[in-house]
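The values are calculated or read from the model by the stated rules, or taken from the named source; none is laboratory data. Fair warning: this is a prediction, and the values are worked out from it, not measured in the lab. Ideal geometry is used to build each Cβ from the backbone, glycine not excepted, and the neighbour counts take in all protein chains shown. Please note that ligands, DNA and RNA were not included when accessible areas were found on the heavy atoms of the full protein model with its side chains. Shrake-Rupley method; radii C 1.70, N 1.55, O 1.52, S 1.80 Å.
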Amino acid sequence: MSKGIFITATGTDVGKTYVTSLIVKLLRQSGMNAGYYKAALSGADVVDGELIPGDCKVVADTAGLAVRPQDMVSYIYKTAVSPHLAAQIEKQPIETDVILADFAKAKQQYDYITVEGSGGIICPLRLDEKELMLIDIIKLLKLDIIVVASAELGTINSVVLTIDYARSKEILVKGIILNKYDNGNFLHRDNKKSIERLTGLPVITCVANNDENLTLDAKILCECYKEV
Ligand SMILES: Nc1ncnc2c1ncn2[C@@H]1O[C@H](COP(=O)(O)OP(=O)(O)O)[C@@H](O)[C@H]1O
Ligand SMILES: [Mg+2]
């Protein structure tokens, strides 16, 4: 039976991919058969006429996954906009049965699957005759979430809003990972304490700029994953 977790963030470019790559790296270095999956990626690069999903490449390179980046994601769009808009422009609508089938394949391949979201917790994947939100995918794949957030000013607001929203949709939040954290910065230290108090959740670990490894016991990380 495979286990999974869904990595979301307080927004785009907050560090989901960076943190996810360190998560998968830690699990693999601890001897787990760990892999990665992403439902939809927009803003892919074109290399030799082929669309390359950047997030998947970063995770594969960092964690030493011998998988083609294109095989770690269900939908790849070139246009660098929200997936629902990219899908509309490129006429390739996101279908939940494709995502379910690809996730089932990942389950056959890996014991620990780290699923990266797109954008933040509120991200439309389809807004045409059907409405499909990222939160629907989290529920479809029966995953709990970890929220990646910046350690900087403003993070209390975005973390509490993200977690309140997830809870209002009956999504279980396992904890928070603070990115670009500087333990020498009193604001960062206070943000960590305040977020834990206001959400009642642990900051599982903090990641500093250019960290190459997570400062975290792999066993504690594994406890965040649930059977899928
Ligand atoms: N801790 C970090 N140290 C150095 N660079 C980082 C760190 N976290 C994120 N970045 C950089 O910031 C950019 C956005 O991060 P990324 O993980 O791609 O965000 P997201 O997946 O949430 O959109 C990337 O260029 C990434 O390399
Ligand atoms: Mg990303």
Problem set entry | Subset of the range 71-92 (residues that are within 21 Å of ASP13 (Cα to Cα), open to solvent by 30 Å² or more (accessible area, probe 1.4 Å) and away from ligand 2 (no atom under 14 Å from the Cβ)) | LYS78, THR79, VAL81, HIS84, LEU85
Problem set entry | Residue count, the range 93-105 (criterion: closer than 18 Å to TYR37 by Cβ and surrounded by fewer than 21 Cβ atoms within 10 Å (Cβ to Cβ)) | 9
For this session: Kindly indicate the residue of the range 21-61 that is of a type in the set (Asp, Glu) and either open to solvent by less than 10 Å² (accessible area, probe 1.4 Å) or on the phi < 0 side of the Ramachandran plot (or both) and also nearest to ligand 2 (Cβ to nearest atom) among those meeting that condition.
Result: ASP55
Seminar exercise, completed: Log entry, pairs with first residue in the range 186-211 being within 16 Å of ligand 2 (Cβ to nearest atom), second being outside any loop (DSSP other than H, G, I, E, B), beta carbons closer than 8 Å, six or more apart or on different chains, reads VAL207/TYR18; VAL207/VAL19; VAL207/LEU22; VAL207/ILE177; VAL207/LEU178; VAL207/ASN179
Problem set entry | Verdict on GLY31 being within 13 Å of ligand 1 (Cβ to nearest atom) and over 16 Å from GLY4 (Cα atoms) | no
For this session: Evaluate the following for ASP13: is it within 10 Å of ligand 1 (Cβ to nearest atom), surrounded by fewer than 24 Cβ atoms within 10 Å (Cβ to Cβ) and within 19 Å of GLY119 (Cβ to Cβ)?
Result: yes
Exercise. Here is a list of conditions, (1) farther than 22 Å from ASP136 by Cα; (2) in contact with a Gly (Cβ under 9 Å, 6 or more places away or on another chain), and GLN70 meets all of them except one; can you say which number that is?
Worked result: (2)
Exercise. Does any residue of the range 125-135 turn out to be away from ligand 1 (no atom under 13 Å from the Cβ) and within 30 Å of PHE186 (Cβ to Cβ)?
Worked result: no
